1. Is it fair to say Gly167 is modelled with pLDDT under 90 and on the phi < 0 side of the Ramachandran plot?
2. Only one residue in Ala256, Ala299 is at pLDDT 95 or above and either closer than 30 Å to Ala364 by Cβ or not assigned by TED's automatic domain parsing to the domain that holds Ser141 (or both). Which one?
3. Give just the number: which of (1) in contact with a Gly (Cβ under 9 Å, 6 or more places away or on another chain); (2) at positive phi does Thr298 not satisfy?
4. Out of all the residues in the range 129-148, is one or more under 14 Å from Leu92 (Cβ atoms) and either out of contact with any Asp or Glu (no Cβ under 6 Å at 6 or more places or on another chain) or not β-branched (Val, Ile, Thr) (or both)?
5. Checking the condition without any contact (Cβ under 8 Å) to a residue 60 or more places away in the chain, in the same structural domain as Ile159 (by TED's automatic domain parsing) and under 20 Å from Tyr189 (Cα atoms), which residue from Leu77, Leu20, Leu91 passes?
6. Please work out which residue is surrounded by the most Cβ atoms within 10 Å (Cβ to Cβ), limiting yourself to the range 147-157 and to residues that are assigned to a helix (DSSP H, G or I) and touching a residue at least 40 places away in the same chain (Cβ under 8 Å).
7. Within the range 124-146, is even one residue assigned to a loop (DSSP other than H, G, I, E, B) and free of Cβ contacts under 8 Å to residues at least 40 places away in the same chain?
8. Among the numbered criteria (1) under 26 Å from Phe284 (Cα atoms); (2) among the hydroxyl-bearing types (Ser, Thr, Tyr); (3) touching a Lys or Arg at 6+ places or on another chain (Cβ under 9 Å), which one does Tyr384 miss?
Amino acid sequence: MSKFTRAFWVANSVELLERLAYYGVFIVITLYLSNVWGFSDIEAGLISGVFSASLYFLPTFVGAYADRIGFRRSIILAFALLTLGYFGLGLLPTLLESAGLVSYGDATVFNGLPESPLRWSIAPVMILIVIGGAFIKAVISGTVARETTSENRARGYAIFYMMVNIGAFTGKSVVDPLRKSLGDMGLVYLNYFAASMTLLALIAVFFLYKSSQTQGEGKSLREIWRGLIKVFTNARLIILILIISGFWMIQSQMYATMPKYVIRLIGESASPGWYANVNPLVVFVLVNFITSLMAKKTALTSMTIGMAIIPLSALVMSLGHQFGSTPILGMHPVALLMVIGIAMQALAECFISPRFLEYFSLQAPKGEEGLYLGFSHLHSFISYLFAFGLSGFLLDKYCPDPRLFDSAEAYAEATVNAHYIWYVFVGIGMISIIALLVYGLVVRKIDGKKKLSAGAEAL
C-alpha cells in the first residue's frame, strides 16, 4: 500500500485542530449567545440556525473558488478568517464590558446590552467563521482526495473521519471545566482557546503544507448551479432529503436544546460537553461494524432502521425530567436519560449517514456523482435552519432562562412541563419514519415497473 504524502498528514492534523475549535464553541453556541450577549432563546436559536445552516450550504460554492486560487492559499485564508473570528468572539464581550453594557463573572449582569444595537456587532465576526469554515469543509476533504490514490483512498478517508471524531470529542471536553470554573466568563475564554487552535493550524499550514497536486478537480460555479438545479428537479432525491432532514432536526438538538435544557434543570453541575461526547464515541466505535452488518441490505432498509430509532431517542430524553431529581446510577435522571438518548441518536446515525451518501450517489447520472454529492448535505442546511429556531421557541415556552424569575418556586412551576420539548421531536421523528416507509414502498413499486418494462422491451 502506497504511503501518504506530507500534505495529506498536514491536512488531517489541522482538520483535527479545526474540529477541536469548532465543536468546543458550537456545543454551547446558544448558551454563549444568551448568557454572554443577552439574546433571548428565540433570537439565539435563529442566529445559531442561520450560522450552522450556512456552514453546510456554502462549501460547495466556496470549493469552486478554492480550486481557482489553490488549496494552500485557501487553507491559509480559511484559518486566518477562523482565527480572527474566534478571537473576535472572545474580544468583543470584553469591549462591551469596558463600555459598561455588561459585567461578566460566574453569572452575567446586563446593564443595557440586550437593548443596545451593539450586540449585533457579533454578526460580522460570525460571518468570518462561516466563510472560514466553508473553505475548510471544501478544501480538507478535497485534499484527502487529491493526496490519495485508488489504492489507499479508502484508508485515507478513514483516517480523515477519525481525525474529525477525535477533534469533536476533545473540543467538547474542554467546555465543561472552563464553564464550571469561570461561569459565564468561561464561555468567553473558550473562544480564545478556539482561536489558539486555529492559529496553530495556520502556522502549521504556512510552514509545512506543500502539495505537488496543483490541478483542481472541482467544478466551475456554472456547473455547480447546474448540479443544484438538477438535484432540485429530481423529485426522488428532494423528497428523501426532506425526510432525512427530520432525523437531523432531532440530532441537532444536541447543540440547540440540550446544553440549556440540562443546565437549567440540573444546575451548573451539569456537563453538556461530556454528554454530547457520547455521540462521536458511539459513532467511532460502531459505524464500521453496522455498515458491514447491513452490507447485504439495501440503503433504504438501513436508513429505515435508523429512522425508527430516532423518535425513540427523543422519547427517552423526555423521561429524565419526569423521574424527579433522585440520582439513578449516580447521575441526575435528566443527565442519564439525555446520555442514553444521545447514544441512541449516534446509533441511528450509523445506520443512516453512510447509506444515505451511497443512495444519493446512485441517483446521480453517470459521471456526475461528484457534482451530486456536493449537495448531499442539503438536509443539514434545511434541518439546522429550522431546528435551531424551533428549539428557541420551545425553550422559551417550556424551559425558559431562570434569570427571568424571582424565586426557585416560580421557576419550578414554569418548567414543570419542560419535557414537552422532546414530545415535539418525537412527533417529527414519527412523521419522518412513516414518510420513509411510504417513500420506500413507492420507490420499490416504481423501480419494479421499470424492470418489468425493460424486460418486456428486451424480449
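1. In short, no.
2. That would be Ala256, the only listed residue that is at pLDDT 95 or above and either closer than 30 Å to Ala364 by Cβ or not assigned by TED's automatic domain parsing to the domain that holds Ser141 (or both).
3. Among (1) in contact with a Gly (Cβ under 9 Å, 6 or more places away or on another chain); (2) at positive phi, Thr298 violates only (2).
4. Yes.
5. Leu91
6. If we take residues in the range 147-157 being assigned to a helix (DSSP H, G or I) and touching a residue at least 40 places away in the same chain (Cβ under 8 Å), then Gly156 is surrounded by the most Cβ atoms within 10 Å (Cβ to Cβ).
7. Within the range 124-146, none of the residues are assigned to a loop (DSSP other than H, G, I, E, B) and free of Cβ contacts under 8 Å to residues at least 40 places away in the same chain.
8. All conditions are met except number (3).
The values are calculated or read from the model by the stated rules, or taken from the named source; none is laboratory data. This one's a predicted model, so the numbers in the text were calculated from it and none came from an experiment. Please note: Cβ atoms are built from the backbone with ideal geometry, for glycine as well, and neighbour counts cover all protein chains shown.
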